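A quick write-up on the structure given underneath.
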Amino acid sequence: RGAFIAQRDLRDFEQHLAAFTGARYALGVSNATDGLHIALRAAGIGPGDEVIFCSHTMVATAAAIHFAGATPVPVECGPDHLMDPAAAAAAVTPRTRAIMPTQLNGRTCDMDALQAIADKYGLLIIEDAAQALGSRFKGRQAGTFGIAGAISFYPAKTLGCLGDGGAVLTNDEDMRRKMFLLRDHGRDESGEVVMWGLNTRLDNLQAAILDYKLARYDQEIARRREIASLYQKLLQDVGELVLPPAPDSDPDHFDIYQNYEIEAERRDDLRAYLNEHGIGTLIQWGGKAVHQFEKLGFKVSLPYTERMFTRCLMLPMNRSLSNEDVEYVCQTIRQFYGYR
């Protein structure tokens with residue numbers, strides 16, 4: 001149809017995505033990093049402002065803050081590997097304008113605690129929900145708590161396209177309008193340029209693919225939760241491991257298990273042993289929190305997060321896994337630690 005850019009397929013996907021998440025508006029963008037960037041800009045955050053983020057995240061979270069002209073302020077994660085609300089509260093200064101929690105590994109932060117901090121200090125919340133489409137806290141979907149939230153459709157995500165892609169969610173009409181303009185050269189619906197903007201549109205073809213997959217997305221989530229339940233059943237007695245919360249173990253949280261990130265004693269030895277037995281694993285982001293990349297210039301120590309990065313490991317988690325595959329992974333881990 002020659003429908004390559006910003007055509008009906010994109011509009012249909014945006015409507016369906018908004019309906020799925022419960023957001024009032026969804027806008028397709030080139031990637032989640034751009035989504036965070038334009039959300040910050042639309043919210044009026046820029047030079048002189050500080051934005052608090054959790055250092056246990058991809059560098060993209062901090063980069064979006066940096067390129068909006070603001071200062072990224074890294075804080076500790078907690079035992080759930082998500083932003084520690086106490087650490088976020090302690091990081092607030094007179095220059096703080098926003099909190100940017102990362103809804104990581106398919107789990108949503110304690111948004112009640114973070115919203116209480118935002119309310120106390122008059123801060124905005126902009127969510128990095130790149131890894132959490134469909135995750136819920138107290139029945140509300142990741143990406144819909146703050147003034148805006150970004151979702152990623154990178155191929156490895158639970159809902160992935162065939163390249164880079166993303167979306168921003170918002171319930172605020174003024175934010176929607178500004179982000180609509182920012183994503184397409186500052187042009188309004190008539191094509192008139194009414195402000196300086198960027199080029200960060202989700203390709204129409206990718207939107208069509210994503211729309212097809214979104215209709216079947218509940219199956220993706222259900223299978224990941226089945227795999228997580230099997231890991232929990234087979235590894236819960238291994239004292240050397242800290243597992244993610246099991247599905248339905250906390251009524252406030254509905255997790256989608258984008259990743260299955262554990263903590264393990266003798267992590268590197270375990271990883272080598274699994275590799276020898278044909279089992280691939282990952283350590284996110286090269287084994288470093290954002291503040292540990294020296295060239296970025298952060299001058300802060302976050303002991304809890306740094307220790308966690310010596311222990312964290314992602315076990316296989318995707319729909320191609322059979323139950324037998326998961327059982328083999330668990331059996332091999334048990335052998336390594338001397339369990340039957």
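The values are calculated or read from the model by the stated rules, or taken from the named source; none is laboratory data. Just so you know, these numbers come straight off a predicted model, no measurement behind them. Quick reminder, even Gly has a Cβ in these numbers, built from the backbone with ideal geometry, and neighbours come from all protein chains shown. The accessibility values were calculated without ligands, DNA or RNA, using every heavy atom of the protein model including side chains. Shrake-Rupley method; radii C 1.70, N 1.55, O 1.52, S 1.80 Å.
General remarks:
- Acute angle (nearest 10 degrees) that the helix 323-337 long axis makes with the longest principal axis of the chain, alpha-carbon atoms: 60
- Three semi-axes describe the equivalent ellipsoid of region 129-207; taken as square roots of 5 times the Cα gyration tensor eigenvalues and ordered largest first, they are 25, 18, 8 Å.
- Centre-to-centre, using Cα atoms only, region 1-69 and region 235-291 are separated by 28 Å.
- Rounded to the nearest 10 square angstrom, residue 296 shows an accessible area of 90 square angstrom against a 1.4 Å probe.
- In this rough spin-label picture, where each label sits 7 Å from Cα along the Cβ direction, the residue 19-residue 248 distance is 2.8 nm.
- Zero-based 5 Å bins, Cα pair distances in region 1-44, whole percents: 5, 20, 20, 26, 18, 8, 2, 0
- Using a cutoff of 8 angstrom between alpha carbon atoms and counting only pairs six or more residues apart, the relative contact order for region 40-159 works out to 20 percent.
- Length-normalised contact order for the chain - Cα pairs under 8 Å, 6+ apart - percent: 19
- Fraction of beta bridges assigned by DSSP in the chain that are antiparallel (%, nearest 5): 60
- For region 245-255, 3J(HN,Hα) computed residue by residue from phi via the Karplus equation (6.51, -1.76, 1.60; θ = phi - 60°) reads x, 6, x, 6, 7, 9, x, 7, 10, 10, 9 Hz, glycine and proline entered as x.
- Counting DSSP beta bridges with both ends in region 98-152, the antiparallel % (nearest 5): 25
- Helical mean residue ellipticity (222 nm; -39500 (n - 2.57) per DSSP H run of 4+; nearest 500) of the chain: -11000 deg cm²/dmol
- Extent along principal axes [Cα atoms of the chain; Å; largest to smallest]: 68, 51, 37
- C-alpha long axis of helix 204-214 to longest principal axis of the chain, angle in °: 50
- The angle separating the long axis of helix 217-235 from the principal Cα axis of greatest extent in the chain is about 30 degrees.
- Separation of the residue 189 and residue 266 label points, Cα + 7 Å toward Cβ, nm: 6.4
- Label zone at residue 199, where the point sits 7 Å out along the Cα-to-Cβ direction: region 14-38 residues whose backbone N lies under 17 Å: 29-31, 34-35
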